Amino acid sequence: FRIDDFNSQDIANTVWAYASVGHSSPKLLDTISHKAMEMLDVFNLQAIANTIWAYATLGHSSPKLFDSISHKVMKNHGNPKSQELANIVWAYATIGHSSPKLFDLISQKSIEKLHAFKPQEMASTVWAYATIGHLSP
């Protein structure tokens with residue numbers, strides 16, 4: 001495969017597959033993170049959530065990618081689903097990457113969508129805030 005031919009869905013699916021089977025490939029993940037940052041403007045929120053979930057699941061820190069995603073989500077978050085919100089904060093907390101403004105935004109969006117949260121999503125979200133030590137506004 002050629003990484004230059006990947007679209008956002010290809011990137012999200014690839015890292016998700018590696019994480020789902022528990023196979024870490026640091027060189028591939030580093031390459032993919034660079035490609036993802038180049039084309040982050042075309043990622044939808046589900047692709048973002050799946051991508052960073054995979055990095056966190058594999059324990060692969062990519063601070064520049066996480067920072068870029070924070071900025072992207074802050075500028076263009078649209079109408080997020082509860083699972084996307086939960087997966088994003090879970091990933092940041094799991095990898096230990098602090099992003100206070102992102103956590104404030106997700107707190108606000110989570111309150112707006114509280115009725116849509118499944119128990120596991122709520123538990124993951126609360127765990128993430130406690131783990132990262134972020135008090136919601």
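The values are calculated or read from the model by the stated rules, or taken from the named source; none is laboratory data. All values derive from a computational prediction rather than experimental measurement. Neighbour counts run over all protein chains shown; Cβ positions are idealised from the backbone, glycine included. Only protein heavy atoms, including side chains, enter the accessible area calculation; ligands, DNA and RNA are left aside. Shrake-Rupley method; radii C 1.70, N 1.55, O 1.52, S 1.80 Å.
With the Kirkwood sum run over all distinct C-alpha pairs, the chain has a hydrodynamic radius of 14.9 Å.
Based on protein heavy atoms only, the stretch 78-137 ends up with 55 Å² per residue of surface accessible to a 1.4 Å probe. Full extension of the chain segment joining S136 with K101 gains 11.6 nm, where the gain is 0.36 nm per residue of separation less the Cα-Cα distance. Taken one residue at a time, the phi angles of the stretch 24-34 give Karplus couplings (6.51, -1.76, 1.60, θ = phi - 60°) of 9, 9, x, 5, 5, 5, 5, 4, 5, 4, 5 Hz. Gly and Pro are set to x. The lysine pair count for the chain, using Cα distances under 17 Å and pairs eight or more places apart or on different chains, is 17.
Suppose only helical runs count, i.e. DSSP H with n ≥ 4. What mean residue ellipticity at 222 nm does that imply for the chain under -39500 (n - 2.57) per run, divided by all residues and rounded to the nearest 500 deg cm²/dmol?
Using -39500 (n - 2.57) per qualifying helix, the result is -21500 deg cm²/dmol.
For the stretch 1-73, the average shadow cast by the Cα convex hull is 4.2 nm², which is a quarter of the hull's surface.
Length gained on full extension, D4 to S25, computed as 0.36 nm times the residue gap minus the Cα-Cα distance: 5.8 nm. Computed over protein heavy atoms with a 1.4 Å probe, the accessible surface of the stretch 15-56 works out to 47 Å² per residue. With the highest mean first, a sort of the peptides 2-13, 55-66 on other beta-carbon atoms found within 10 angstrom per residue produces 55-66, 2-13. Sequentially through the stretch 77-84, phi angles give Karplus couplings (6.51, -1.76, 1.60; θ = phi - 60°) of 9, x, 10, x, 8, 4, 5, 5 Hz, Gly and Pro residues having no value and appearing as x. Across the accessible surface of the stretch 1-110, with the other protein chains kept in place and a 1.4 Å probe, carbon and sulfur atoms take up 49 percent.
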